[in-house]
Amino acid sequence: MYRAKAEGKHTYQFYNSSMNSNLSLRVKLVNDLRNALKNNELGLNYQPQVNIRTGQITSIESFISWNHPDLGPITAEQFIPIAIETGMIYSIVQWALNTVCSLNKKWQNSGMEHMPMIVNLPEEILRKTDLVKTIFNILKETKLAPK
């Protein structure tokens, strides 16, 4: 069913054995993703955005990753769709925003000047949550200025 849906409307697929292994991996990822936050398996990597005229860093973009204990590194492209489908995306986004804001606050406390941070959010977050309230609460909790 999932494979037929992925191919588009009005399609069908015949079963083959590779589908079973793909489904088994998917079930494992769903179950393991539920524990990934608790077990500190998710991480953020940061990439500076640089003004090529001045060489100045203008902002820092964050990228999420998952270091699975058995499977090793899993890309966001592999697990974010599962997180969206299962509803786990909301807690993952909240964790990511909190982590980015806490890091930015530490940088400011150490004397670094204001640095805009970029967090890519899936469309579902923008449509189905009160994102402004979530960000407001995280900024308040981390004591990071909203600018």
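Please determine, in degrees from 0 to 90 and to the nearest 10, the orientation of helix 89-109 with respect to the longest principal axis defined by the Cα atoms of the chain, where the helix direction is its Cα long axis. Here the helix axis deviates by roughly 20 degrees.
Of the options (i) 60, 36, 32; (ii) 45, 38, 25; (iii) 73, 38, 30, only one is Cα extents along the principal axes in Å as computed from these coordinates, and that is (i). Relative contact order for the chain using alpha-carbon pairs under 8 Å, separation at least 6, rounded to a whole percent? Averaging sequence separation for qualifying contacts and normalising by length gives 18 percent for the chain. Peptide packing for 82-90, 35-43 was compared via the average number of neighbouring C-beta atoms within 10 Å per residue; ordered from the highest value, the list is 82-90, 35-43.
On the chain, 53 percent of the accessible area sits on carbon and sulfur atoms, based on a 1.4 Å probe. When the surface is traced with a 1.4 Å probe over the full set of protein chains, Asp70 keeps roughly 110 Å² accessible. Computed from the C-beta positions of Ala145 and Arg26, the FRET efficiency with R₀ = 35 Å rounds to 0.25. Rounded to the nearest 0.05, the FRET efficiency derived from the C-beta distance between Ile52 and Ile135 at R0 = 35 Å is 0.75. The local environment of Pro146, defined by Cβ-Cβ distances under 14 Å, has a net charge of +4 under the rule Lys, Arg +1 and Asp, Glu -1. Using the average count of surrounding beta-carbon atoms within 10 Å as a protection proxy, the listed peptides 118-128, 91-101, 45-55 rank, highest first, as 91-101, 118-128, 45-55.
The values are calculated or read from the model by the stated rules, or taken from the named source; none is laboratory data. Here the structure is a predicted model, which is why all the values come from computation and not from measurement. All Cβ positions, glycine included, derive from the backbone under ideal geometry; neighbour counts span all protein chains shown. The area values use the complete protein model at the heavy-atom level, side chains included, leaving out ligands, DNA and RNA. Shrake-Rupley method; radii C 1.70, N 1.55, O 1.52, S 1.80 Å.
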